[in-house]
Amino acid sequence: AQIRYSIPEELTRGAFVGNIAKDLGTDVAKLAAANLQVLSDSDSQYFSVNVNTGIIMVSERIDREQLCGQNPRCFLHLKLAIENPVEFYRIEVEILDINDNPPEFPSDEVSLRIYELASLGARFPIQPAQDPDVGTNTLQTYHLSANDNFNLNVKARTDGGKFPELVLERALDRELRAFHHLVLTAEDGGSPPQSSKTHITIQVLDANDNHPVFDRPSYGARLVENSPLGTLVVKLNATDVDEGPNGDIRYSLSSHNSAALRQIFAIDEQTGEIRVQGNLDFEEATVYEIEVEAKDMGSPTMEEHCSVVVEITDVNDNAPEVILTSFSSSLSEDAPPGTVVAVVHVRDRDSGEQGKVQCHVSPDLPFQLRKDYEHQYSLLTSTHLDREHVAYYNVTISASDLGSPPLSRHTILPITVADVNDNAPQFEQASYEVLVAENNPVGSVLVTVSAADPDSEQNSRLSYSILRAGGTDPGLDPMRYLSIHPTNGQVSAKLPFDYEQTTYLQFHVEVSDGGSPALRNRTLVHVFIVDQNDNAPRVHFPRAGEDSAAQFRISPSTTPLALITKVVAIDADSGRNAWLSYHLMEATDPGLFSVALRSGEIRIMRALQETDASAHELLVVVRDAGEPPLSTAVALVVLVEEKGPEALLGSEARTTDGGGLPTITLCLIVSLVLISTVSLVGLAALGVRCL
């Protein structure tokens, strides 16, 4: 058999469910004797049976929502077993719902972010409340607190679920109200009904629906020209009631401004400060009108414009300008006074007294300024010029305005004085004296004459030439012996000199410049030929052939110191080079004969003896005193005969070698002294002239 009971949930323990003995129609005692047992299909024993009374009672708390969830019908099944005989009874207990659970929202706070330009009728779902009860005890309806912008719409699903939606009924304006606070109430159908609430906070998201606004439509400022860089002109202020990027303002110069104005002024995009970043020049512009725009950072951006008028005040900041209208940088030195060198135009970009200009040049220069008319001057020569004195001028034209303090500018005009051939070349010496050793090599430089010309360039390019000097021997043509380099003045030998032919030579050197017409000058050159030992002595007596010897005969009775003969020699050189000495180099009997050192006399030194040879060979060498010395030898043969020539038989000599000098030697010594004296006097005169 099957028995069904219905009980509400949440009964207390021991609560009566039913009387099994009564419902089965059996005696209670019989049930007790039959060993009654209650078996549950679930793990929990929600019920128990009192075998003495046959009453089924609640033994544990029963929560219908836990057992059956949202199932509209909830049952617990029991099995009742009886022995002797064995019988089974099925008991079905329906758990009835009671309103023990209020509807509950997932959160007590709900946040929504809605764009302020959301269209009317837009729906915004809200998380629904949950009520585990069923039937009329579950969630039945929602209520929305009063507000101006939203209505509540509840959507019912086929499964009975109800979902609330906020419907936008009136447009939002974040600038009027940025947040909306609503209360949504969920209510079930129980008796009494239960409810719960959630607080809805709606943040109205800003839309870029407001453009920036300047606090003034235009701004004005006044600056002194040449204000330093970074000078603050004006600080702009614009506001935007939007928020976030939509209300974040950036300042900039409008594209309507010229490129030149953008180089003069700059604006800080964050602060709106306009500062000077270029040169303010009153002479270029007296007023600047700056167009400024303020943009927000919304999308799309919104912008506003304003103008800033900046007036510039003039100061004396411009020095006068000197402009060359005509200028000749080269001026001939023979230009007469009053020659116009340059024409200049002066101006000052300032205004009033600050723009009036005065000009002047240094009075120490041979130039002066003449004012032709307003703002124009001519630069003239005031005296004669001399390039050799001053070849170059830097003429400074000073221009000053009448400002306070005055400003000035100096312009330098480089003027070169062009040369005129007005100076003849001048030699360093009026005359030159040169000592030249004979036998000089061909091409050797004898002397270098030097002249200078204070003129310049072509007028100072010198050319040298050799001219015959007046009063010279016509046979001594200097052009035959000498040549001169035309540009450096080096006098060179074309032929070697021979002192024995020429001892002195003089000539003129002429120098001419390259001007037109050319100017000339001359100097006299004295050339003294210095003797060299280039001639060996020549024996004039005795004469002998190349391969023979001169023979002399003497008597065996010739007395000692008797003159046998005399060797006579001459030397074409002069001075020491012509001083001769005689030497007996070889003899058959060296002690029998002697030769006088200076006179060349050959004498017998002792009496002849019978043992002496009958023929004696003598070799006499004649040597000069030059460096190195040159010599000549002569061979003599002295024959001893009974009848020697009387002319050759001399008696005892009256004088010895130290008795005196021969006449020819004396003449040579006198000549050498005279020549040395003349040379020393000439050298002394030359040294004095050089000093």
For GLU92, the lone unmet condition from (1) touching a strand residue (DSSP E or B) at 6+ places or on another chain (Cβ under 7 Å); (2) modelled with pLDDT under 85 is (2)
Those strands (runs of 3 or more DSSP E) completely within segment 170-237 that have 3 or more residues that are open to solvent by 30 Å² or more (accessible area, probe 1.4 Å) and within 19 Å of LEU152 (Cβ to Cβ) are 179-188, 195-205
Of those in segment 117-164 that are among the charged types (D, E, K, R) and surrounded by fewer than 17 Cβ atoms within 10 Å (Cβ to Cβ), the residue nearest to LYS197 (Cα to Cα) is LYS155
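Looking at segment 271-291, is at least one residue aliphatic (A, V, I, L, M), at pLDDT 90 or above and in contact with a helix residue (DSSP H, G or I) (Cβ under 8 Å, 6 or more places away or on another chain)?
yes
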In segment 1-10, anything surrounded by 18 or more Cβ atoms within 10 Å (Cβ to Cβ) and touching a Lys or Arg at 6+ places or on another chain (Cβ under 8 Å) is listed as GLU9
If we take segment 1-114, then helices (runs of 4 or more DSSP H) inside it with 2 or more residues that are hydrophobic (A, V, I, L, M, F, W, C), closer than 30 Å to PRO164 by Cβ and out of contact with any Gly (no Cβ under 7 Å at 6 or more places or on another chain) are 64-68
Per the list (1) without any contact (Cβ under 8 Å) to a residue 40 or more places away in the chain; (2) surrounded by 18 or more Cβ atoms within 10 Å (Cβ to Cβ), residue check on VAL449 breaks on (1)
Do the conditions hold for LEU166, that is, is it within 60 Å of the chain's Cα centre (by Cα), of a type in the set (A, V, I, L, M) and within 16 Å of TYR115 (Cβ to Cβ)?
-> no
Checked segment 89-116 for anything within 27 Å of ARG174 (Cβ to Cβ) and open to solvent by less than 90 Å² (accessible area, probe 1.4 Å); matches are PHE105, SER107, VAL110, LEU112, ILE114, GLU116
Result of the Cβ filter at 6 Å on segment 71-94, keeping first residues that are on the phi > 0 side of the Ramachandran plot and partners that are assigned to a strand (DSSP E or B) and open to solvent by less than 20 Å² (accessible area, probe 1.4 Å), at least 6 apart or interchain, is none
Note on segment 293-337: residues open to solvent by 30 Å² or more (accessible area, probe 1.4 Å), out of contact with any Ser or Thr (no Cβ under 8 Å at 6 or more places or on another chain) and part of a loop (DSSP other than H, G, I, E, B) are MET297, SER299, PRO300, THR301, MET302, VAL315, ASP317, SER328, ASP334
Pairs returned, first residue in segment 110-121 that is modelled with pLDDT of 90 or more, second residue that is charged (D, E, K, R), beta-carbon separation under 6 angstrom, 6 or more apart or interchain, are none
Here the residues within segment 404-436 that are within 18 Å of TYR464 (Cα to Cα) and of a type in the set (Ser, Thr, Tyr) are SER431, TYR432
For segment 547-589 the number of residues that are crowded, with 18+ Cβ neighbours inside 10 Å and on the phi > 0 side of the Ramachandran plot is 1
Expected output for segment 264-276 (first residue more than 14 Å from ASP248 (Cβ to Cβ), partner of a type in the set (Gly, Ala, Ser) and assigned to a loop (DSSP other than H, G, I, E, B), Cβ below 8 Å, 6+ apart or cross-chain) is ILE264/GLY278; PHE265/GLY278; ARG275/GLY230; VAL276/SER227; VAL276/GLY230
When every residue in segment 569-593 that is closer than 14 Å to LEU636 by Cα and touching a residue at least 40 places away in the same chain (Cβ under 8 Å) is compared, the one farthest from the chain's Cα centre (by Cα) is PHE593
A careful count of residues in segment 41-70 that are free of Cβ contacts under 8 Å to residues at least 40 places away in the same chain and hydrophobic (A, V, I, L, M, F, W, C) gives 5
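Within segment 590-600, which residues are more than 30 Å from ALA437 (Cβ to Cβ) and open to solvent by less than 40 Å² (accessible area, probe 1.4 Å)?
Across segment 590-600, the qualifying residues are LEU592, PHE593, SER594, VAL595, ALA596, SER599.
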If we ask which residues in segment 17-58 are surrounded by 15 or more Cβ atoms within 10 Å (Cβ to Cβ) and small (Gly, Ala, Ser), their number turns out to be 7
Subset of segment 609-630, residues open to solvent by 30 Å² or more (accessible area, probe 1.4 Å) and either under 16 Å from MET585 (Cβ atoms) or under 60 Å from the mean Cα position of the chain (by Cα) (or both), comes to GLU617, LEU619, ARG623, PRO629, LEU630
Based on this model, can you work out whether ASN488 counts as out of contact with any His (no Cβ under 8 Å at 6 or more places or on another chain), assigned by the TED database to the domain that holds ARG468, open to solvent by 40 Å² or more (accessible area, probe 1.4 Å) and part of a strand (DSSP E or B)? no
PRO517: passes all of (1) open to solvent by less than 30 Å² (accessible area, probe 1.4 Å); (2) in contact (Cβ under 8 Å) with a residue 60 or more places away in the chain but (1)
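The values are calculated or read from the model by the stated rules, or taken from the named source; none is laboratory data. Everything quoted here is computed from the prediction, not taken from an experiment. Here the Cβ is made from the backbone with ideal geometry for all residues, glycine too, and neighbour counts use every protein chain on show. SASA here: full protein model, heavy atoms, side chains in, ligands and nucleic acids out. Shrake-Rupley method; radii C 1.70, N 1.55, O 1.52, S 1.80 Å.
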